[in-house]
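J.: Sharing a structure here in structure tokens format.
The values are calculated or read from the model by the stated rules, or taken from the named source; none is laboratory data. Every value quoted in this text rests on a predicted model; they were computed, and no experiment measured them. Every residue, glycine as well, gets a Cβ built from its backbone with ideal geometry; the counts of neighbours run over all protein chains shown.
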């Protein structure tokens, strides 16, 4: 046997350019030039984020002679993805720009993937690692699913804009990053018990990203660009870990399954990163790890640590715990084949998620 042919092959998609800093939104045309992107483009943004950054990006590109159209996306649904695809085809767009929060970027991400064209990620908030990852969270009307997509060709993260966003969004981003701890523990468990492919490098990068953020918790404050910079860089590193692994495993495990289950069962939901943070506390307990330290760090960062702080009734926390293992049944985690009602109540009460 030819040993060279027996070597496993892996494709890794990483952003070519990552531009982070004060006022870097003004460099978006230069980024497009550097990437050799030309011709018409479509900006995918939200109603509020269009005023914050979408119009700025539009004007900057138009001033450079680039024919640019704006599409206001109302929600992260397949219907919106198809609408963007239709408009981009009509405009003969050669690339897309996702400008805004996670929803606008996810819609642009999946639309660009389906069209086979590149896209740029221009976040107005650092609320979760979707700004750089190759996964898109899309709703089908009943539940939100994580869909494989392409990574952005570039990320342009203006810390001046991101620092002006509500601090709750930045805190949610911190929660999403800290959840890497339990995601990696789940991945290691699946590797041992199910022989799931495992990347030591991706796991180490994911853990290191979470550790750096935890070590910086005291210095992350509202309205500080330095705080926005720390969180954005952490989110980018988390995205790189997923790209290196060729999977969302380094940053998505049982805590994310809990969050998605909560989206399904609860009539009222909090931010994704907030729900993942609460899930991380409980999943760390199940792993036998230091859940108390995770909880204290989250409190320092002003991230919700209980159902009450999430604004969600206790009963929905328990219901989500009972069905979380069914969200991605092919993904083995500490939840195994599911918790019993008494076990779910025990973990939620011991970790003080419910009273």
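Conditions (1) buried (at least 21 other Cβ atoms within 10 Å of the Cβ); (2) under 27 Å from residue 168 (Cα atoms); (3) over 21 Å from the mean Cα position of the chain (by Cα), marked per residue:
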position	(1), (2), (3)
264	no, yes, no
268	no, yes, no
273	yes, yes, no
277	yes, yes, no
289	no, yes, yes
326	no, no, no
348	yes, yes, yes
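J.: Could you check residue 189 against (1) out of contact with any strand residue (DSSP E or B) (no Cβ under 9 Å at 6 or more places or on another chain); (2) in contact (Cβ under 8 Å) with a residue 40 or more places away in the chain; (3) under 30 Å from residue 53 (Cα atoms) and say which number it fails?
T.: Unmet condition: (3).
J.: Can you pull out the residues in the range 110-147 that are crowded, with 24+ Cβ neighbours inside 10 Å and part of a helix (DSSP H, G or I)?
T.: Across the range 110-147, the qualifying residues are 110, 111, 112, 129, 130, 131.
J.: Residues to consider are 309, 274, 319, 313; find the one that is assigned by TED's automatic domain parsing to the domain that holds residue 177, within 24 Å of residue 135 (Cα to Cα) and either modelled with pLDDT of 95 or more or touching a strand residue (DSSP E or B) at 6+ places or on another chain (Cβ under 7 Å) (or both).
T.: Result of the check over 309, 274, 319, 313: 274.
J.: Being outside the structural domain of residue 273 (by TED's automatic domain parsing), under 29 Å from residue 224 (Cα atoms), surrounded by fewer than 18 Cβ atoms within 10 Å (Cβ to Cβ) and in contact with a strand residue (DSSP E or B) (Cβ under 7 Å, 6 or more places away or on another chain) narrows it down to one residue among 55, 27; which is it?
T.: Criteria check complete, one pass: 27.
J.: Could I ask something else about it? Scan the range 134-156 and tell me whether some residue there is at pLDDT 95 or above and closer than 25 Å to residue 297 by Cβ.
T.: The answer is no, given that none of the residues of the range 134-156 is at pLDDT 95 or above and closer than 25 Å to residue 297 by Cβ.
J.: Let me ask something else. Give me a count of the residues in the range 77-102 that are surrounded by fewer than 24 Cβ atoms within 10 Å (Cβ to Cβ), touching a residue at least 24 places away in the same chain (Cβ under 8 Å) and either under 17 Å from residue 31 (Cβ atoms) or in contact with a strand residue (DSSP E or B) (Cβ under 8 Å, 6 or more places away or on another chain) (or both).
T.: Total meeting the criteria: 6.
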